[in-house]
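Note sheet for the following structure.
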Amino acid sequence: MRFEDYITEHFSVSRVSMGTQLLLKDECPFCGGAGRVYIGRKNESGICFKCQRGFGAISFIMANEGVTKPQAKAILSGHTVGYQDLEEDEDGPENDFSVWFPPTVPLHESPDAMAYLTGRGFGQDIIDRFGLTFCNTNVQIDDKIYWTANRIIIPLFDAAGNAVGWQGRDITCKWKTKYTFLTRCNSSKSRVFSV
């Protein structure tokens, strides 16, 4: 079974970004938010722009079904009998793109961000296609401050479609550096704060 088949059997979806992505109309299995979960049809990975969680097919099924990694693999491969007895792999749960995203809002909620993009010829199709959002606050993790306020957040993906980081584009033109970057990191031991 393809991940897309699993999604369409269990969720209400619409095709967006010229049919390259699925947008879940139902709740995110990670945070319970609705209407902000996008899944790439080709790479079978996605992101929830409400909780900023990147995921692959296996971890999504694990969260949605409340099962272990081997059980999720069995469900995805179509084995519907006996999968409940499978035990956890020795290598532990899936390393699921440990990338955090700053707290953001949809771009249409920031007139300044929308004016910035439309002034450069970017329309809603580009915003949807690349999952652009807007961050209006800086973020602190432990002792490090990420200067994310007043920046358009652009998710970054590797060739396989896995979320590996983000970049934030300053829209005020007041900062010396136009972009701030975050690449893959392990956020499981860190807490994210708005400042």
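Read the figures in this text as sums done on the coordinates, not as results from a lab. In this text, all values refer to a predicted model and were calculated from it rather than measured experimentally. Here the Cβ positions follow ideal geometry from the backbone for every residue, glycine too, while neighbour counts run over all protein chains shown.
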> Taking only the alpha-carbon positions of segment 3-85 and ignoring solvent, what does the Debye formula give for the base-10 log of I(q)/I(0) at q = 0.13, 0.15, 0.18 Å⁻¹?
Replying inline: -0.38, -0.50, -0.71
>> Can you list residues from other chains, or at least 5 along the same chain, whose modelled amide H is less than 5 Å from the amide H of residue 157?
In response: 164
> Packing-wise, with mean Cβ within 10 Å as the measure, how do 24-36, 8-20 rank, highest first?
Replying inline: 24-36, 8-20
> Tell me, in nm to one decimal, what length is gained between residue 27 and residue 108 on full extension, where the rule is 0.36 nm per residue of separation less the Cα-Cα distance?
Replying inline: 27.0 nm
>> Please compute the modelled spin-label separation between residue 173 and residue 77, points set 7 Å along Cα→Cβ, answer in nm with one decimal.
In response: 5.7 nm
